[in-house]
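Reading through the structure tokens given below for one structure.
The values are calculated or read from the model by the stated rules, or taken from the named source; none is laboratory data. What you see is a predicted model; the values in this text were computed from it and never measured. Cβ coordinates were reconstructed from backbone atoms using ideal geometry, including for glycine residues, and neighbour counts include every protein chain displayed.
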Amino acid sequence: MHLPRSPLRRSAAWTAAALVAAAVLTGPPAAAAGAVPTATVDSALTDAVDAGGEASFFVVLKDRADLSGVKKQKTHAAKARAAYKQLRAHADATQRSLTAFLDREKVGHEEYWIANAVKVHGGRDLVERLAKRADVASIVKEQHYALDDVEAADGRITPSRTATAGTAATADAAATPEWGIADINADDVWNGYDDRGEGIVIANVDSGVQFDHPDLVAQYRGNNGTGGFTHDYNWYDPTGECGTGGVPCDNNGHGTHTMGTMVGANGIGVAPNAKWIAAKGCESSSCSDESLLAAGQWILAPTDHNGRNPRPDLAPNIVNNSWGGGNTTFYQDIVEAWNASGIFEAFAAGNDGDGRTCSTTRAPGAQAPAYGVGAYDVSGKIANFSGFGPSLVDGSMKPNISAPGVNIRSTWPGSSYNTINGTSMATPHVAGAVALLWSAAPSLIGKIDETRALLNQGARDVDDTHCGGTAGTNNVWGEGRLDILASVEKAPHTAVTVTGKVTDQDTGAAVSGVGVKATSADTGARSVTTGSDGGYRLSLPPGTYDFALSGYGYAPRTVTGVRLTTGTPLIQDVALTAAPSHRVTGTVLDVTGEALPGATVELSGSPLATVTTDAKGAYTFAKVAEGSYGLVVKPAAPVLCNGVHNGTVTVGTADLTQNVQVPNRTDHSGNSCAPAAYSWIAGSKKVALTGDEDSAKVTLPFPVEHYGVSYTSASVTTDGLLNFLSPRVGDYGNTVLPTTGANGVRGVVAPLWDDLTLDRKSSVQTATTGTTGNRRFAVVWNDAAYADGTSGRSTFEIVFDEATGAVTLQYKSVADKGAGATVGIADQSGADALQYAYNQPVLTAGTAVRFSQGAK
């Protein structure tokens, strides 16, 4: 399932823009006023902003980070850390002048470090001014790529075996491999080399994954063992489609299917013992540049579910990309960053072929730095939809290789299976094959050129030169049909196999779910988890290792200084000592210090089910094994200003009482909210604002900071909004915050955003109190009515505090307790916000909410 050709009209200028964006040339500082244009502008953007229109677009800088030193790092983790550090520092330095200009112009923006690009929203004047900057290479309209409609090749979706969430269905060693698995000889690698991808981590950028699918749950890196999950650093959703809880989902099916082909159990996947993580770069049936860029950054430096605290050392080894379309602008930069970091990437070549026409591959798979994959069927015939080269982007040979992509059966949301077609289905065969290769020959891990060469050498040639090339390498098949057995056989076999069994010290029983981590200063770390029989297997380069073993209910154990020599396999059995268990109890308080009922309490790193606080905020875990755990407390809806507590707890030799007060909720910019003392300020100066869906500008008596930008005026609307950027929102139906897109709400304070109207009984007023340095400025909506006929009226206000920089929302009266309103603040780019409520009846008369927005 691949993205179709972009419908945007192409031009020489657009193509140049795309290529410059991909190359990101080095350039001088910003030009002086009046300088001639230096940047190319996407013709689609020009069309969008003509006649006064506005659009979201990316400003791509010329300067590019030097990643040549990254490849010199020894280990996978060291390479990822070095790449992240270099890219982030370079973007911070080179974007500073541009973002300062945008702040002065009161233009919202979102920065991306992996492509050195800044997303903004504006009109023709802004585009023209940006194009005159000497530090700008190109300006490109944001694109959205529609996923193909999902069509079951056999006309039906079939159910899977049942399994308890958090555990894997019993693996069937005799399960017949799917035809694609057998065709690339993956099952021969399993049997001949006892290799199923152990110790390798695969990711996908796709529509998401059903993490607890019976054939995927055991391989999920976020699976803690026997029921608990840690989704931070293992799952990321920049689209927001899966909700705020940080739990993986797949609202399309495509991502679950591609992940199954890579790591699915019971004959479904190529590398069924590899681990997986995922980034949701596609909203549902489409993928936006914004989400794809954020996902690309996360692959190199995984974060928690809030997008914070990056850990490049947890980057995957391999990433599958079964999407594309047209001539994607930014992903060449991301591909090159991944490659420099030792992350192998595979891209679908596209489904725009017709079996004859050449140059139908689509970017990013059509770009030279990417490893593009074509598709063929069970009879060995190239699929009629598979894209052919040569590439229209840069003339390179495409695809690079071909793999099974017709009638591919794999996992599907709902713990089901589906059989579908596409180069999207061929690509994960290649990603999974690399996992087998790197597991069997770990000296190749992170060596992209050498790995590609082995895949190419092992491929079975297919003679079709009608689009150019030779019998061995051509623009229809690339290097030919994937054969991972041949590639593994050609690989260097210097690795040492370490096998063993982990047992209980007292009973001798096998212990499953124990993490076995082997670490070497020269080769880095590799990890596996013991199976149901307590067994584990790792293939490691020769050297000296420390083995760390840890699992719930057992004291950790470390075996140090283990010397591994080529040709001498090691059997290393380890017995663990069971840890005693104790009772853990406590009380959860909200941000005001009151009991917080309904909150979920989780001991991450344990298999224990979450518990819920009672009416008094109390919780209890009856038996917890001694050890250290993450303590995660999540408030129940309505969340209001209560944030998520992420702490740690150590269970020692006795019962433990651990009380928790949840923190204030914050947004990505660090702004927080909290209930405040009510202190009403009556309006004194009338604003010329009446009727429905209108706005008026007010002058602020002192500069007000909003997400780091200072303002001296703002627009007030009839619909309970104050906007720092534009006099009208454009769409007066309230939405969640943040909200993006052409009608996204940017740079606002929303005390009561609803479809309000100001009639003869209503008014908007302002008032200023206090002396210079300690002034407070209020914008007051008096007796606002509801346009939809909702009974009652609402009186509310925004109060800006000069001394602290805080903004307080106060409510004198609220009809229906705000059941249809949005309350909160949003930044100037539409990417960050702190929402207090959305369509929830939580506002009462005589209350106030304070945001530490710009607090000093």
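Restricting the range 695-709 to residues that are within 39 Å of the chain's Cα centre (by Cα) and free of Cβ contacts under 8 Å to residues at least 40 places away in the same chain leaves a set whose member that is nearest to ARG96 (Cα to Cα) is PRO703. Of the residues making up the range 689-717, those that are outside any strand (DSSP E or B) and either at pLDDT 95 or above or farther than 19 Å from ASP755 by Cα (or both) are TYR707, GLY708.
Please specify each residue of the range 64-99 satisfying the condition of being part of a loop (DSSP other than H, G, I, E, B) and over 24 Å from SER527 (Cβ atoms). Write out each step before concluding.
Restricting attention to the range 64-99, the residues satisfying the condition of being part of a loop (DSSP other than H, G, I, E, B) are 64-69, 73-75.
Answer for the range 64-99, where residues must be part of a loop (DSSP other than H, G, I, E, B) and over 24 Å from SER527 (Cβ atoms): ARG64, ALA65, ASP66, LEU67, SER68, GLY69.
On the stretch given as the range 805-834, residues that are at pLDDT 95 or above, polar (S, T, N, Q) and within 20 Å of VAL748 (Cα to Cα) total 3.
Within the range 799-830, the residues that satisfy the criterion of being crowded, with 24+ Cβ neighbours inside 10 Å, hydrophobic (A, V, I, L, M, F, W, C) and under 34 Å from the mean Cα position of the chain (by Cα) are VAL807, LEU809, ALA821, VAL823, ILE825, ALA826. Only residues that are aromatic (Phe, Trp, Tyr) and closer than 13 Å to TYR836 by Cβ were counted across the range 787-817, and they come to 2. The number of residues in the range 200-214 that are in contact with a helix residue (DSSP H, G or I) (Cβ under 6 Å, 6 or more places away or on another chain) and either over 17 Å from PHE344 (Cβ atoms) or assigned to a loop (DSSP other than H, G, I, E, B) (or both) comes to 5. Restricting LYS62, LYS79 to those that are touching a Gly at 6+ places or on another chain (Cβ under 8 Å) and under 30 Å from LEU725 (Cβ atoms) reduces the list to LYS62.
The number of residues in the range 99-115 being crowded, with 21+ Cβ neighbours inside 10 Å, within 18 Å of ALA134 (Cα to Cα) and touching a residue at least 60 places away in the same chain (Cβ under 8 Å) comes to 1.
For the range 212-236, the candidate set comprises residues that are over 23 Å from LEU300 (Cα atoms) and of a type in the set (Asp, Glu); within that set, the residue that is surrounded by the most Cβ atoms within 10 Å (Cβ to Cβ) is ASP215.
Considering LEU596, LEU603, LEU608, which residue is of a type in the set (A, V, I, L, M), out of contact with any Lys or Arg (no Cβ under 7 Å at 6 or more places or on another chain), closer than 30 Å to THR739 by Cβ and buried (at least 20 other Cβ atoms within 10 Å of the Cβ)?
Working: LEU603 fails: closer than 30 Å to THR739 by Cβ; LEU608 fails: closer than 30 Å to THR739 by Cβ.
Answer to the selection: LEU596.
The listed residues are ALA518, ALA426, ALA486, and the only one of them that is modelled with pLDDT of 95 or more and either part of a strand (DSSP E or B) or in the same structural domain as GLY605 (by TED's automatic domain parsing) (or both) turns out to be ALA518.
Could you please find all residues in the range 300-323 being over 17 Å from PHE344 (Cα atoms) and in contact (Cβ under 8 Å) with a residue 24 or more places away in the chain? Break it down stepwise before answering.
Initially, the range 300-323 is screened for residues over 17 Å from PHE344 (Cα atoms), giving 303-311.
Answer for the range 300-323, where residues must be over 17 Å from PHE344 (Cα atoms) and in contact (Cβ under 8 Å) with a residue 24 or more places away in the chain: THR303, ASP304, HIS305, ASN306, GLY307, ARG308, PRO310, ARG311.
Quick one: would you say GLY524 is surrounded by 20 or more Cβ atoms within 10 Å (Cβ to Cβ), over 29 Å from LEU608 (Cα atoms) and either in contact with a helix residue (DSSP H, G or I) (Cβ under 8 Å, 6 or more places away or on another chain) or modelled with pLDDT of 95 or more (or both)? So GLY524 passes the test.
Name the residue that is nearest to the chain's Cα centre (by Cα), counting only residues in the range 64-123 that are of a type in the set (Gly, Ala, Ser) and within 30 Å of ALA714 (Cβ to Cβ). Step by step, filter the range 64-123, then rank; the result is ALA117. The C-beta contact set for the range 454-478 (first residue assigned to a helix (DSSP H, G or I), second residue of a type in the set (Phe, Trp, Tyr), distance under 7 angstrom, 6+ apart or interchain) is empty. Would you check which residues across the range 251-283 are in contact with a Leu (Cβ under 8 Å, 6 or more places away or on another chain) and not hydrophobic (A, V, I, L, M, F, W, C) and list them? ASN252, HIS254, THR256, GLY260, GLY264, GLY281, listed by residue number. Taking (1) at positive phi; (2) in contact with a His (Cβ under 8 Å, 6 or more places away or on another chain); (3) surrounded by fewer than 24 Cβ atoms within 10 Å (Cβ to Cβ) in turn, ASN306 satisfies each apart from (1).
Quick one: would you say VAL729 is of a type in the set (Val, Ile, Thr) and either in a strand (DSSP E or B) or at pLDDT 95 or above (or both)? For VAL729, the condition - of a type in the set (Val, Ile, Thr) and either in a strand (DSSP E or B) or at pLDDT 95 or above (or both) - is not met.
The one condition from (1) surrounded by 15 or more Cβ atoms within 10 Å (Cβ to Cβ); (2) over 30 Å from HIS305 (Cβ atoms); (3) among the acidic types (Asp, Glu); (4) touching a Phe, Trp or Tyr at 6+ places or on another chain (Cβ under 9 Å) that GLU705 does not meet is (2).
Taking VAL118 as the residue in question, decide whether it is in contact with an Asp or Glu (Cβ under 8 Å, 6 or more places away or on another chain) and surrounded by 23 or more Cβ atoms within 10 Å (Cβ to Cβ). Talk me through it step by step, then tell me what you get.
Details: in contact with an Asp or Glu (Cβ under 8 Å, 6 or more places away or on another chain): yes; surrounded by 23 or more Cβ atoms within 10 Å (Cβ to Cβ): yes.
Answer is yes for this residue.
Which one of LEU689, LEU721 is touching a residue at least 60 places away in the same chain (Cβ under 8 Å) and either surrounded by 15 or more Cβ atoms within 10 Å (Cβ to Cβ) or of a type in the set (Ser, Thr, Tyr) (or both)? Exactly one of LEU689, LEU721 is touching a residue at least 60 places away in the same chain (Cβ under 8 Å) and either surrounded by 15 or more Cβ atoms within 10 Å (Cβ to Cβ) or of a type in the set (Ser, Thr, Tyr) (or both), namely LEU689. Taking residues in the range 387-407 that are surrounded by fewer than 24 Cβ atoms within 10 Å (Cβ to Cβ), and partners anywhere that are not in a loop (DSSP other than H, G, I, E, B), the pairs with Cβ atoms closer than 6 Å and at least 6 places apart or on different chains are ASN407/THR419.
When each of SER606, SER532 is tested for being modelled with pLDDT under 95, within 28 Å of the chain's Cα centre (by Cα), hydroxyl-bearing (Ser, Thr, Tyr) and not assigned by TED's automatic domain parsing to the domain that holds GLY446, the lone residue that passes is SER606.
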